[in-house]
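Participant: A single structure is presented below for examination.
The values are calculated or read from the model by the stated rules, or taken from the named source; none is laboratory data. Quick caveat: nothing in here was measured; it's all calculated off a predicted structure. Heads up, the Cβs are rebuilt from the backbone with ideal geometry, glycines too, and the neighbour counts pull from every protein chain shown.
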Amino acid sequence: MSSLSLLSQQIRDCRLCADQMARPPHPVFQVSSKARILLASQAPGNLASCSGRPFTDPSGKRLRDWLGMDPHSFYDPDLIAIVPMGFCFPGYDRFGADRPPMRICADTWRARILKELSRIELTLLVGHYAQAWHLRAGKPASMTETVRNWRLFLKRGIIPLPHPSWRNTAWLRKNPWFEREVLPELKQRVQDAVRQS
C-alpha cells in the first residue's frame with residue numbers, strides 16, 4: 001500500500017470531531033499522486049456528505065462550469081485532487097448555512113496529505129478558509145480582495161475563487177469582473193494542466 005493510500009485510509013477512519021457534529025464523521029475527498037490540479041475547498045455540504053462525492057450539488061455544477069470540466073474529468077482523481085479544509089460536513093448553523101470546517105481537521109491532516117501530492121501544478125483556493133490557510137500572511141483582508149488580486153498569485157500556480165454556492169450569486173452580480181477576467185484564465189490553466197496529465 002502506498003503512503004498516500006495509507007494516509008487516505010487513516011483520514012477515512014478519523015473520528016476526531018465525532019463528539020462535535022450532529023452526524024457521524026464521513027470524510028469526503030478525492031486524491032491521487034498523479035493529480036496536477038488541487039482543488040482546496042471548504043468542507044463537503046450535506047448532499048456531498050450523503051453521496052460520498054465532493055460537490056454533488058448545484059454548487060458543483062457551477063464550479064465545473066467555471067473550470068470548463070465535465071463530470072467525468074472532474075471526478076477523475078488522476079486529474080484533480082479535491083481536498084477540503086474539513087473532510088466532513090460540519091452541520092448547519094442557526095441561520096441554515098453550513099458551519100465552518102472543523103479546524104482540527106486541517107491541523108491534523110492537511111500538511112501531510114498535501115506533501116503526498118507532489119505533482120500539483122495548479123492550486124484553486126475556493127473560499128475564505130482555503131485562502132486563509134494557503135496564503136497565510138500574504139492573504140488580503142477580504143475574500144473579495146483576494147480574488148480581485150488573483151494575478152498576484154498566478155506565478156505561484158494559485159488562483160483564488162469565491163465559493164460557487166448559490167449564496168454567492170449576489171456577489172457574482174456585484175463583481176462582473178470575475179466572470180469577465182478570471183474565468184477565461186482559469187479555464188485555460190485547467191486545460192493546460194489536464195493536457196499534461
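Participant: Specify which of the listed residues (S49, S41) is farther than 19 Å from R195 by Cα, at pLDDT below 95 and of a type in the set (S, T, Y).
Facilitator: Exactly one of S49, S41 is farther than 19 Å from R195 by Cα, at pLDDT below 95 and of a type in the set (S, T, Y), namely S49.
Participant: Inspect all residues belonging to the range 118-125 and state whether any of them is touching a Ser or Thr at 6+ places or on another chain (Cβ under 8 Å), over 18 Å from P54 (Cβ atoms) and touching a residue at least 60 places away in the same chain (Cβ under 8 Å).
Facilitator: Checked against the condition, which is being touching a Ser or Thr at 6+ places or on another chain (Cβ under 8 Å), over 18 Å from P54 (Cβ atoms) and touching a residue at least 60 places away in the same chain (Cβ under 8 Å), the range 118-125 yields at least one hit.
Participant: While we're on this one: Please enumerate the residues belonging to the range 87-112 that are in contact (Cβ under 8 Å) with a residue 60 or more places away in the chain and surrounded by 19 or more Cβ atoms within 10 Å (Cβ to Cβ).
Facilitator: F87, C88, F89, P90, M102, C105, W109
Participant: Please enumerate the residues belonging to the range 102-126 that are modelled with pLDDT of 95 or more and part of a loop (DSSP other than H, G, I, E, B).
Facilitator: Correct list: L117, S118, R119, I120, E121.
Participant: In addition: Identify, by number, the condition in (1) in a loop (DSSP other than H, G, I, E, B); (2) free of Cβ contacts under 8 Å to residues at least 40 places away in the same chain; (3) closer than 25 Å to D78 by Cα; (4) not acidic (D, E) that A141 doesn't meet.
Facilitator: With respect to (1) in a loop (DSSP other than H, G, I, E, B); (2) free of Cβ contacts under 8 Å to residues at least 40 places away in the same chain; (3) closer than 25 Å to D78 by Cα; (4) not acidic (D, E), A141 is out only on (3).
Participant: Determine if the range 181-195 includes at least one residue that is surrounded by 12 or more Cβ atoms within 10 Å (Cβ to Cβ) and outside any helix (DSSP H, G or I).
Facilitator: no
Participant: Now for a different question. So for the range 36-54 (the condition being β-branched (V, I, T), closer than 29 Å to R167 by Cα and in a loop (DSSP other than H, G, I, E, B)), does at least one residue qualify?
Facilitator: No, because not a single residue in the range 36-54 is β-branched (V, I, T), closer than 29 Å to R167 by Cα and in a loop (DSSP other than H, G, I, E, B).
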